[in-house]
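Q: Mind looking over this structure? Questions follow.
Quick note: the coordinates plus some simple rules give every number you see, no bench work behind them. Just so it is clear, the model here is predicted, and its values are computed rather than measured. Positions of Cβ are generated from backbone atoms using ideal geometry, with glycine treated the same way; all protein chains shown enter the neighbour counts.
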Amino acid sequence: MQRKIKESMDNQGTTSILQNRIVLFPLPFQGHINPMFQLANILHSRGFNISIIHTKFNFPNPSKYPHFTFHQISDGLLESGVPISDPVLIIKFLNSNIVEPFRECLDRLMFDYHVECVITDANWFFTQAIADRVNLPRIVLRTSSICSFLAFASLSLFRDKGYFSNIDSNADAPIEEFPPLKIKDIPQIETSNSEDVFQVIGAMVEQTKKSSALIFNTFSELEEPDLPKLHNQFPVPTFTIGPFHKFFSASTTSLLTQDMNSISFLDKQEPKSVLYVSFGSVASMDAQKLQEVALGLANSKQPFLWAIRPGLVQGSEWIETLPNELLETLSKQGYVVKWAPQQEVLSHFAIGGFWTHNGWNSTLESICEGVPMICSPFFGDQMVNSRYVSDVWKIGIKLEKGLERDEIENAIRRLMVEKEGDEMRQRILCLKEKIDVCLKPGGSSYQSLEKMVDFITSFRSSTA
Ligand code: UDX
């Protein structure tokens, strides 16, 4: 059908409006939406027309992207009773419940346009079979680091070796097959039935192997040692073209309103004096842990900007569980917001450190601005990213005991006022310089992007 339309348009000499369209399908979570839209903008700037297929759940705002076409598919998630605090169940549910709506939508787009390929989040594993059936190349965007992707791909090995049964009793033991990971760094994700994690991750890995290519939001200088392992296990063309946000910022895809008072607060602070604290868009903790975080901050006596997302604390609206006296102390020392303009914050002269959950976007954004980290991973890829930040790249301090006030206070001092923090700052500034180089003509990400554009346009000759 697609070829028929294209031929008839060729006869009328109007092929150009049919050419160059790429369909992108983001996973509906903040940390996945941001890089997918940044990638869409990068491709658009390289001459491709962009269509976005999206779920109703966490739908994007089309008015921010008048240069794309948007196509919503029904997902039935909110009516299903699946808890929206459980990403694994959501991913499992959507992968089996939106197959038909996605297929119909893709068919329609292929009828209307000449679609060159579909780019989906790695977690949309059901899409590979659909793309295969209509003979459309599927490219996978993996929004995490390469190191954490490889750790996910090793989950069943970790299980076979018995590491899961030792997570509590032998947490600090090294994983020999995957240095420098320790048993406690295994990328676990909490969900009601742990078998679901193996099923969802297993499908993600297997369907990625069947894809036409793999895109990572990273740069090769950072993850060089892991590239051969990746090529070995995933023998498809791989493009490392990040960091994406250096091309286009994430602020237009923010699902929450960014509090710009964060910047006015920072404007009044001394250079490199403020610790920025944020645990991303999904992580949650109980009220007792929130109090430990607050006490650690208060006891450190360092200025801070703390983004506390509504929903961060299980069972609370926001920060009403913190005692008034503690809130008063904190208000003299720092500033609390619900959601910050993170990239602007990290690039502000007043920021000297970032206490992060090590979601991959946050980790990359911190590296790009040369801001060393305190690492508090909560789940999944964050466990692996934080181990690499502290032990491989040596640009952050990992809180090994979890959220505990004395360790927090100590880590903040080490990062913000001691020589150790300065040394990390020097190392991360070297990485920042490497990023600046890799994005310029001749640099690794620049070249990889050129290759990716050539790769996508090469589909034209095979489908024409
Ligand atoms: C989720 C997973 O938790 C993470 O492990 C995975 O790598 C991606 O998906 P998330 O919790 O959203 O990520 O964290 P992260 O990847 O760091 O992305 C958060 C995004 O929200 C960043 O782009 C950050 O700039 C933005 N953000 C965060 C804000 O704009 N304001 C804030 O206050 C906090």
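Q: Please list 60-68, 203-211, 284-292 highest first by mean number of surrounding beta-carbon atoms within 10 Å per residue. Intermediate results must be reported in sequence, preceding the final value.
A: On the way: 60-68: 13.2, 203-211: 18.6, 284-292: 16.3.
My ranking of the peptides, most packed first, is 203-211, 284-292, 60-68.
Q: Right, here's the next one. Sum up the charges of everything whose Cβ sits under 11 Å from the Cβ of V345, counting Lys and Arg as +1 and Asp and Glu as -1, but leave V345 out. Please report the intermediate quantities before stating the final value.
A: Details: positive: none; negative: D259, E344, E365, E369.
Net charge in that neighbourhood comes out at -4.
Q: Further question: Just to check I understand the Karplus step: with θ = phi - 60° and J = 6.51 cos²θ - 1.76 cosθ + 1.60, what whole-Hz values come out for region 445-453, glycine and proline as x?
A: 6, 4, 5, 5, 5, 4, 5, 5, 4
Q: Between beta-carbons, use under 12 Å as the cut-off and find the net charge around F178, counting Lys and Arg +1, Asp and Glu -1.
A: Working: positive: K161, K182, K229, R387; negative: E176, E177, D185, D226.
Value of the local net charge: 0.
Q: Given K272/K301; K184/K246; K161/K229; K184/K398; K246/K398, which pairs have Cα atoms separated by over 22 Å?
A: Working: K272/K301 15 Å; K184/K246 33 Å; K161/K229 20 Å; K184/K398 12 Å; K246/K398 26 Å.
Pairs exceeding 22 Å: K184/K246; K246/K398.
Q: Using a cut-off of 17 Å between alpha-carbon atoms, which lysines can reach K92, once sequence neighbours fewer than 8 places away in the same chain are excluded?
A: K56
Q: Give, in nm to one decimal, the length gained when the segment between V236 and L78 is fully stretched (0.36 nm per residue of separation minus the Cα-Cα distance). Spell out each step's value before the answer.
A: Details: separation 158, 0.36 × 158 = 56.88 nm, distance 3.60 nm.
So the chain would gain 53.3 nm between V236 and L78.
Q: Long-range amide H contacts for W306: which residues qualify at under 5 Å (H placed 1.01 Å from N, peptide plane, sequence gap of 5 or more or a different chain)?
A: V277, Y335, V336, V337
Q: Any idea what log10 I(q)/I(0) is at q = 0.19 Å⁻¹ for region 256-400, Debye with uniform C-alpha scatterers and no solvent?
A: Treating every Cα as an identical point scatterer, log10 I(q)/I(0) equals -1.20.
Q: Taking Cα pairs under 8 Å and at least six residues apart, what relative contact order does region 252-437 come out at, in percent?
A: Values: 333 pairs, mean separation 46.4, N = 186.
Relative contact order here is 25 percent.
Q: Quick one: order R387, R405, R159 by neighbouring beta-carbon count within 10 Å, fewest to most.
A: On the way: R387 24, R405 17, R159 14.
Starting with the residue having the fewest Cβ neighbours, the order is R159, R405, R387.
Q: Please give the calculated 222 nm ellipticity per residue for the chain, where each DSSP H segment of at least 4 residues contributes -39500 (n - 2.57) and the sum is spread over every residue; nearest 500 deg cm²/dmol? Can you show the working numbers first?
A: Numbers: 20 runs with 208 residues, N = 464.
Computed ellipticity for the chain at 222 nm equals -13500 deg cm²/dmol.
Q: By counting other Cβ atoms within 10 Å of each Cβ, how are I263, I412, I183 ranked from fewest to most? Spell out each step's value before the answer.
A: Numbers: I263 16, I412 24, I183 21.
With the sparsest Cβ surroundings first, the list reads I263, I183, I412.
Q: Please report the net charge: other residues with Cβ closer than 14 Å to the Cβ of G311, K and R +1, D and E -1. If you can, show how the numbers build up before the last one.
A: Numbers: positive: R309, K338; negative: D86, D286, E317, E320.
Taking every Cβ under 14 Å from that of G311, the sum is -2.
Q: What percent does the relative contact order of the chain come to when contacts are Cα pairs within less than 8 Å and at least six residues apart? Before the final figure, lay out each step's value.
A: Working: 804 pairs, mean separation 70.8, N = 464.
The value is 15 percent.
Q: Antiparallel versus total DSSP beta bridges in the chain: what percent is that, nearest 5? Present the calculation step by step, with values, prior to reporting the outcome.
A: Numbers: 1 of 47 bridges.
Restricted to the chain, the bridges split so that about 0 percent are antiparallel.
Q: So for the chain, what are the equivalent ellipsoid semi-axes in whole Å, largest first, each being the square root of 5 times an eigenvalue of the Cα gyration tensor?
A: Details: eigenvalues 291, 113, 102 Å².
Computed over the chain, the values are 38, 24, 23 Å.
Q: Sticking with this one: Could you tell me the center-to-center distance, by alpha carbons, between region 102-162 and region 237-301 in angstrom?
A: The distance from the Cα centre of region 102-162 to that of region 237-301 comes to 29 Å.
Q: Neighbouring Cβ atoms within 10 Å as the yardstick, rank V345, V82, V392 fewest first. Don't skip to the answer; put the middle values down first.
A: Values: V345 25, V82 18, V392 15.
If I rank by nearby Cβ atoms, fewest first, I get V392, V82, V345.
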